[in-house]
Amino acid sequence: MKITQASCSLVLLALALDPAVGQPGGLSVWIADPMEKVLPNAQAPSEPPASIELVAARGEVETGQLVVLSDAALEVRVAVSDLVGPEGAIPASAVETGFVGYVPVAANTAATPPEELVAIAPCEIPDPIHPGAAWALEAGRAQPIWLTVRTPRDAAPGRYEGTVTVAAGGAEQAVPLRLTVYGFEMPVERHLLYTNWCNAGQFASKHGVEMWSEEFWAVFERYLAAMADHRQNILWVDPGTIEITEDGDGFHFDFSRFDRWVETCEKHGVADRIEIQQLGSFGPEGWAGDQIVLMDRPVRSLETGETRRAPASEVLPDYLRALEAHLRERGWLERTLLHIADEPSQSNHLSWSEQSAFVRQYAPGIRQIDAIEGPRFDGLDVWVPKLSHLRAWNRHFQKAQADGAEMWFYTCCHPMGLYPNRFLDYSLLKTRVLHWYNWRYDLAGYLHWGLNFWTDDPFTEVTFAGLPPGDCYIIYPGPDGPLSSIRWDAVRDGIEDYEYLWLLTHRTGRFLRERDSTLIGASERADELARGVVWDFLNYARTNDQIRAARSAIAEEIEALEWRPAVVLATDPPTYEPLVEGPIAVNVRGVVEPGTKVTVGDVEPVVNAKGEFELQVAVDGNDPRIVVSAEKDGQTTRVTRQWSVLRER
């Protein structure tokens, strides 16, 4: 796909390092792809790239990566200048610097072919990002430098230039940095629902503060700010934050701690949904058994001060009625989701259904959500199947969607192997591409259980209970709050990719509505481009360049909708479907501004009063593309669509 227009503006971050620059005192500095996990034994490539190009809209966060390698142990420092552009400067503070740390991986993720791993265990994998401008280099050990570029929302489109200076051992190298800004803006609002379950107790314990103290809430806010920065917009809340007391008049419910949790999440934009943790668990036979049971609740006597465990059948009816009434009073009811149990399966779905019905009897207005291990959970409002189960039982989930269920997906310690996931020993591409699945399969949300279920020392012991490395957490405890990871930054990249697809759909829909046209679906082109990245559940883009090319194509089309004359185009078959050699016919549908002259190849179709046109064209198998030209008021826009061709052997 290619669109040309004289006034095309791009968002491009270029970090250029002249390969001819000398390397003083055994010090090597080179540019690495920020989607690459640079291992400790990495060496400078023989032909290092001249620049790193990162693509971002105004208000978007993008990353770059340099690598430093020294023969001797010494301190390295990095500094960034202001970026000077056509209408002012972007301050140096918009580019944050940090150093990527390594964590040990003792055993690889199971059931994974070697070619799906970035390194064979035992090994060290880059992950935590330590912010700062200085770092102690170890001799003979590659050290990635991480650059986080925050494009200001008010930056004028155009090119900005500055430098990144790397200094070590008495020498320094100035690396030119060039930033060109797109004319469109990353949405402030989040259009993908994204939740990582947290261990709130570890927010307290890792930072030496008392749970629920004012010091705890200060730490909690720092974690919420980091979540919002990575476009996480949901954080679950423990139903135990609602204190239950009793006296002769019955049960009483104190929502003050629950409210503060939700209000604090709202303050940071992490409450697009209010996700309440599970009220139930498995019976005595565990996950494989046939029983789901609702858990007893602690109840404190106002008369004696003693606390007892009240059976669920006794306390939950009043608890649920009070919860729904409180949510309605606060204006939170419509965005609240309540879990029954974690990962119920077909072995216990009948029992799950009974407990779900019990909860719904007393709180009919609260929608129910669960991560599920089976295809039959009638009555569930938000279904969250595992990615591999989406593939295995897809027809059941499609029917549930058609019947009105909201569909998300989740990953955890599964799936493995060919599937994408966010494990430490998997590529960052496998992490980033997860949210292309959200768009590809119309999945409104993504869930993972492990934001911060840390080991005693998450920097030296990356897992527990035999779980894959990186499954338990994706952030690290820093001195005063969270440290991000290159995996979490890749998650943000994937969610921003999703927002590009949303923007293209939104602008396409607006263009079509203005012309009262239903000839093309608003999401048709975004869907087509997404299927160029995720073909099906096991086949997806396998190179970083493929992801970037698709993202660049989306950005070009977002911008092209602001050009005049604008063109919205669809083809049957779409470009992700290969053509078959022989006589090849392609149907073309398009919408332009009324009064636009359109040519498709050398054919001029009739354009109706709405600006719609349709025709069938023959495509040459040796040059399988079509070119559509639109002319109006002395301006011309050209749109190209290209296919691959299957040929007989």
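Details
- Considering the conditions (1) under 21 Å from Ser517 (Cβ atoms); (2) open to solvent by less than 60 Å² (accessible area, probe 1.4 Å); (3) touching a residue at least 60 places away in the same chain (Cβ under 8 Å), Pro605 is excluded by exactly one of them, (3).
- Listing of strands (runs of 3 or more DSSP E) fully contained in segment 23-75 that carry 2 or more residues being open to solvent by 10 Å² or more (accessible area, probe 1.4 Å) and closer than 27 Å to Val103 by Cα: 27-32, 61-70
- Every pair of residues 6+ apart whose Cβ atoms lie under 7 Å, when the first sits in segment 81-96 and is under 20 Å from Ser484 (Cα atoms) while the second is surrounded by fewer than 16 Cβ atoms within 10 Å (Cβ to Cβ): Ala94/Pro152; Glu96/Pro131
- Any hit, segment 254-276, residues being out of contact with any strand residue (DSSP E or B) (no Cβ under 6 Å at 6 or more places or on another chain), open to solvent by 20 Å² or more (accessible area, probe 1.4 Å) and farther than 27 Å from Asn233 by Cα: no
- Boolean, Gly248 is within 24 Å of Pro128 (Cα to Cα), open to solvent by 60 Å² or more (accessible area, probe 1.4 Å) and either of a type in the set (S, T, N, Q) or out of contact with any Ser or Thr (no Cβ under 6 Å at 6 or more places or on another chain) (or both): no
- Flag if Gln361 is polar (S, T, N, Q), under 22 Å from Ile274 (Cβ atoms) and either crowded, with 16+ Cβ neighbours inside 10 Å or in contact with a His (Cβ under 9 Å, 6 or more places away or on another chain) (or both): no
- Arg178 meets the conditions (1) open to solvent by less than 30 Å² (accessible area, probe 1.4 Å); (2) modelled with pLDDT under 95 in every case but one. The failed one is (1).
- Extreme residue, farthest from Ala134 (Cα to Cα), among residues of segment 184-197 that are open to solvent by 30 Å² or more (accessible area, probe 1.4 Å) and either touching a residue at least 40 places away in the same chain (Cβ under 8 Å) or among the polar types (S, T, N, Q) (or both): His191
- Pairs with Cβ under 9 Å, 6+ apart, first in segment 480-504 and in contact (Cβ under 8 Å) with a residue 60 or more places away in the chain and assigned to a loop (DSSP other than H, G, I, E, B), second open to solvent by 10 Å² or more (accessible area, probe 1.4 Å) and among the polar types (S, T, N, Q): Ser484/Thr148
Yes/no matrix, rows are residues, columns are (1) outside any strand (DSSP E or B); (2) open to solvent by less than 10 Å² (accessible area, probe 1.4 Å):
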site	(1), (2)
Pro104	no, no
Ala110	yes, no
Ile129	no, no
Pro144	no, yes
Glu161	no, no
Ala167	no, no
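- Helices (runs of 4 or more DSSP H) fully within segment 198-288 counting 1 or more residues that are touching a residue at least 12 places away in the same chain (Cβ under 8 Å) and among the charged types (D, E, K, R): 214-229, 256-267
- Long-range neighbours under 7 Å by Cβ, at least six apart or interchain, first residue open to solvent by less than 10 Å² (accessible area, probe 1.4 Å) within segment 418-439, second of a type in the set (Phe, Trp, Tyr) and part of a helix (DSSP H, G or I): His435/Tyr498; Asn438/Tyr498
- Residue satisfying all of: in segment 608-618; free of Cβ contacts under 8 Å to residues at least 40 places away in the same chain and not hydrophobic (A, V, I, L, M, F, W, C); least open to solvent (accessible area, probe 1.4 Å) among these: Asn608
- Odd one out for Cys472 among (1) hydrophobic (A, V, I, L, M, F, W, C); (2) open to solvent by less than 10 Å² (accessible area, probe 1.4 Å); (3) touching a residue at least 24 places away in the same chain (Cβ under 8 Å): (3)
- Identity of the residue in segment 572-593, in contact with a Lys or Arg (Cβ under 7 Å, 6 or more places away or on another chain) and either over 25 Å from Ala530 (Cα atoms) or assigned to a loop (DSSP other than H, G, I, E, B) (or both), that ends up most open to solvent (accessible area, probe 1.4 Å): Glu581
- The conditions of being closer than 13 Å to Tyr437 by Cα and open to solvent by 40 Å² or more (accessible area, probe 1.4 Å) are not met by Trp502.
- Only one of the numbered conditions (1) open to solvent by 50 Å² or more (accessible area, probe 1.4 Å); (2) in contact with a strand residue (DSSP E or B) (Cβ under 8 Å, 6 or more places away or on another chain) is not met by Tyr446, and that is (1).
- Top-ranked residue of segment 442-479 - restricted to ones that are outside any strand (DSSP E or B) and polar (S, T, N, Q), ranked as farthest from Arg190 (Cα to Cα): Thr460
- The one condition in (1) at pLDDT below 95; (2) in a helix (DSSP H, G or I) that Glu559 fails to fulfil: (1)
The values are calculated or read from the model by the stated rules, or taken from the named source; none is laboratory data. Please read these numbers as outputs of a predicted model, since none were measured by experiment. Reconstructed Cβ throughout: ideal geometry from the backbone, glycine too, with neighbour counts over all protein chains shown. The area values use the complete protein model at the heavy-atom level, side chains included, leaving out ligands, DNA and RNA. Shrake-Rupley method; radii C 1.70, N 1.55, O 1.52, S 1.80 Å.
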